[in-house]
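Data block below; observations after.
Bear in mind these aren't lab numbers, they're just calculated from the coordinates by the rules spelled out. This is a predicted model, so every value here is computed, not measured. Please note: Cβ atoms are built from the backbone with ideal geometry, for glycine as well, and neighbour counts cover all protein chains shown.
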Amino acid sequence: MTDDADDILKMLPARLKEARRGQGLSLDAVARLSGVSRSMVSQIERGESSPTIATLWNLTRALQVDFAGLLDAGGAGPGIEILRAADVPTIDNRGRSCRLRILSPPEEAGRHEVYDLILGPDGALVSQPHARGAREHLTVLEGCIEVLASDRCETVRAGDTARYPADVPHALRALGGPARGFLVVQDA
């Protein structure tokens, strides 16, 4: 076996583990998706077992990673994923003259969500309580936004950030014209 082949075998466990974690998948989830037992996936990630080509193929398909890139000794790490503006999913009609562009990956839904909030003149986003302990972080990029939460009301201007409980009814309203913000929703 050549030195290059040895290097590839040494890097393989870490690269598989990195790919699994990058997808936000548990060992059980990878086992279900690949048909490879959980214990075998764990052993491979720990470097205690060398996978067959068939096993490696099933794992790379389940993890949605490039088979050749995973084995490339000169690999430069994970690639760059681009989601073009026209392809960013949006949510409309969650209030009045309001659009939310979903910036976070789908696997983060319910844990850590990131949105581009676009409010038209007099636009509003009115939300019911999220899970107990949830919080929102709003940074206003353009205009002025009124934040209502926990019977409190604050005005947030461009460049300002508001952090507030999201496990109570809450609302965001554009003041004096259109507004735009960067909204992060964190569940406890």
Quick note on 164, 115, ordering by fewest other C-beta atoms within 10 Å, gives 164, 115
Fewest-first sequence of 118, 53 by Cβ atoms within 10 Å of each Cβ: 53, 118
Nothing charged except the Cβ atoms of Lys and Arg (+1) and of Asp and Glu (-1): what's the magnitude of the dipole of the chain about its Cα centre? Round to the nearest 20 debye. 520
Just rank 10, 17, fewest to most, by other beta-carbon atoms within 10 angstrom. 10, 17
With no solvent and one point on each alpha carbon, what is the Debye value of log10 I(q)/I(0) for the chain at q = 0.11, 0.14, 0.17 Å⁻¹? -0.65, -0.81, -0.98
In nm, to one decimal, how far is the modelled label at residue 175 from the one at residue 23, with both set 7 Å along Cα→Cβ? 4.7
Which percent of Cα-Cα pairs in the stretch 85-186 sits in each 10 Å bin, short to long? 17, 52, 29, 2
